[in-house]
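Student: The structure is given below, and queries will be raised subsequently.
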Amino acid sequence: MLRRPRRLRANKAIRNLVRETKLNVEDLIYPLFIVEGENVKKEISSLPGVYHFSIDKLEEEIKEIRELGIEHVILFGIPHDHDKDEYGKEAYNDKGIVQRAIRKIKEIDSEMNVITDVCMCEYTSHGHCGILKENGYVDNDKTLEYLAKTALSHVKAGADMVAPSDMMDGRIQAIREVLDKDGFEHIGIMAYSVKYASTFYGPFREAANSAPSFGDRKTYQMDPANSNEALIESELDVLEGADILMVKPALSYLDVIRRVKDNFDLPLAAYSVSGEYAMLKSAVQNGILSEGAIYESIMSIKRAGADIIITYFAKDLAKMLKK
Ligand code: PBG
């Protein structure tokens, strides 16, 4: 036998030497849920180990994230119910929950890279990701205006990057134009380019109180059966000026991550969503799987082609990587 692959598995140092995929703390983005009120640090029941924070409780958390070596957060705002309306006006309120949180985080740690999720669903009374027509259909072109206003207000508050997650056609261009017109041509867009209509967002919708009050999101988010369409969506976002592409969810879409990676040269992010986290976390908590399953799963996302991973496990992984 001339070829013996086992030679390269002989000891830990050799295995480290030939490892093809390396997970780094620099790859990770940690999602934060910000709520109104004071003195709130409340565990989210659907996402054990993940918390709702009021703005005054962010300091401790941001410092912990920084100490772990994580440099990126993505913010989700949860406004008061009574501030929700048909048009999601609170989404672009300069004094809205996300806008205040951005300012606070920048005050605590000016070098923390603050990315904001840009969407209407947490702010509309009906819970859809855009403005509705009379028949309940989400009005694409009208929604663009609102998304662009929201993105601009985040950037004015100090966001370093915006991440539109609504899946309206043309939103990257609409946001790019508005940012450029206001002198923010240096602010990047991480596009949720390939976002599926997934049941794996369930725990998030509970955490963000953003489930649609009627119908579903299938007229704007993608059909889980499609992967050619992922290339069309990615290409459009590239042409419209996206800086980073994203596939979401991650674990059930590793093939899609690989296809997008092979076809486009932009950095690629993958969002390992709330349902993926909840599934693994409960298996680990119940002693069914060991913690290594978390590492292995996130590694599979990177191996599939993601350069960047948004994950609720970011802090756990940072600790594991330190060991
Ligand atoms: C907002 C948004 C959602 C998620 C991220 N941004 C929910 C949705 O589209 O229903 C899901 C994230 C997760 O499940 O972790 N549109």
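Only the coordinates and a few stated rules stand behind these numbers; no lab work does. In this text, all values refer to a predicted model and were calculated from it rather than measured experimentally. So basically every Cβ, Gly included, is an ideal-geometry build from the backbone, and we count neighbours across all protein chains shown.
Student: In Å³ and rounded to a whole number, note down the convex hull volume per residue for the Cα atoms of the chain.
Tutor: Convex hull volume per residue, Cα atoms: 152 Å³.
Student: When we measure straight from the Cα of LYS41, which lysines land under 23 angstrom away, once same-chain ones fewer than 8 places off are left out?
Tutor: By straight Cα distance, LYS41 reaches LYS57, LYS63, LYS84, LYS95, LYS104, LYS106, LYS281, LYS315, LYS319.
Student: In addition: Mind sorting CYS119, CYS129 by how few other Cβ atoms lie within 10 Å of their own Cβ, fewest first?
Tutor: The order, fewest Cβ neighbours first, is CYS129, CYS119.
Student: How would ARG303, ARG4, ARG217 line up from fewest to most surrounding beta-carbon atoms within 10 angstrom?
Tutor: ARG4, ARG303, ARG217
Student: Considering only GLN173, GLN285, GLN99, give the residue with the highest GNM mean-square fluctuation for the chain, with springs between Cα atoms whenever their separation is below 10 Å.
Tutor: Top of the fluctuation ranking is GLN285.
Student: Let me ask something else. Is there a quick way to get the dipole size of the range 20-322? I mean about its Cα centre, with the Cβ of Lys and Arg at +1 and of Asp and Glu at -1; what is the value in debye to the nearest 20?
Tutor: Computed charge dipole of the range 20-322: roughly 520 debye.
Student: Ordered by residue, what ³J(HN,Hα) values in Hz, to whole numbers, does the range 184-196 give under the Karplus form 6.51 cos²θ - 1.76 cosθ + 1.60, where θ = phi - 60° and Gly and Pro are x?
Tutor: Each residue's phi maps through the Karplus curve to give 10, 5, 8, 8, x, 10, 9, 8, 6, 6, 10, 10, 8 Hz.
Student: Provide the packing ranking of 25-31, 160-166, i.e. peptides ordered by the mean count of other C-beta atoms within 10 Å per residue, highest first.
Tutor: The densest-packed peptide leads the list: 160-166, 25-31.
Student: Filter the GluC sites (Glu not before Pro) in the range 167-251 to those in DSSP coil with at most 14 other Cβ atoms within 10 Å of their Cβ, and list the result.
Tutor: For GluC sites (Glu not before Pro) across the range 167-251 that sit outside H, G, I, E and B with at most 14 neighbouring Cβ atoms in 10 Å, the list reads GLU185.
Student: Moving to a separate point now. Kindly state, to the nearest 0.05, the FRET efficiency for TYR137 paired with LEU8, given R0 = 56 Å and r defined as their beta-carbon distance.
Tutor: Calculated value: 0.50.
Student: Near LYS218, which lysines are there with a Cα under 21 Å away, not counting those fewer than 8 places off in the same chain?
Tutor: Counting by Cα, and skipping residues close in sequence, LYS218 has these lysines nearby: LYS133, LYS142, LYS195, LYS248.
Student: Given labels modelled 7 Å from the Cα in the Cβ direction, how far is it in nm from GLU60 to GLU235?
Tutor: Placing both labels 7 Å along Cα→Cβ, they lie 5.1 nm apart.
Student: Also: I want to check the label-to-label distance for SER290 and HIS80. Put each point 7 Å from Cα in the C-beta direction and report it in nm to one decimal.
Tutor: Taking the simple label geometry, SER290 and HIS80 are separated by 5.0 nm.
Student: Same structure again: Which chymotrypsin sites (Phe, Trp or Tyr not before Pro) in the range 105-152 sit in a loop by DSSP (not H, G, I, E or B) and have at most 13 other Cβ atoms within 10 Å of their own Cβ?
Tutor: TYR137
Student: Shifting gears a bit: Would you order PHE204, PHE53, PHE214 from fewest to most other beta-carbon atoms within 10 Å of each residue's own beta-carbon?
Tutor: Listed from fewest to most nearby Cβ atoms, that is PHE214, PHE53, PHE204.
Student: Would the range 203-294 count as rounded, prolate or oblate if I go by the C-alpha gyration tensor, calling it rounded below 1.5 in a/c and otherwise prolate when a/b exceeds b/c, oblate otherwise?
Tutor: oblate
Student: Using the Cα centre as the reference, give the magnitude of the dipole from point charges on the C-beta atoms of the range 273-323 (Lys, Arg: +1; Asp, Glu: -1; all else neutral), rounded to the nearest 20 debye.
Tutor: Its charge dipole is roughly 200 debye.
Student: Have a look at ALA269, ALA304, ALA225 and tell me which one the Gaussian network model of the chain (Cα, springs below 10 Å) gives the largest fluctuation.
Tutor: Highest fluctuation among the options: ALA225.
Student: Take ASP169 and ASN24, extend 7 Å from each Cα along the Cα→Cβ direction, and tell me the distance between the two endpoints in nm.
Tutor: Output for this residue pair reads 3.9 nm.
Student: What's the magnitude of the charge dipole for the range 213-312 around its Cα centre, counting Lys and Arg as +1 and Asp and Glu as -1 at the beta-carbon? Answer in Debye, nearest 20.
Tutor: Dipole of the range 213-312, to the nearest 20 debye: 380 debye.
Student: Further, regarding this structure: Taking the chain as a Gaussian network, Cα atoms linked when under 10 Å apart, which of GLY170, GLY158, GLY88 shows the biggest mean-square fluctuation?
Tutor: GLY170
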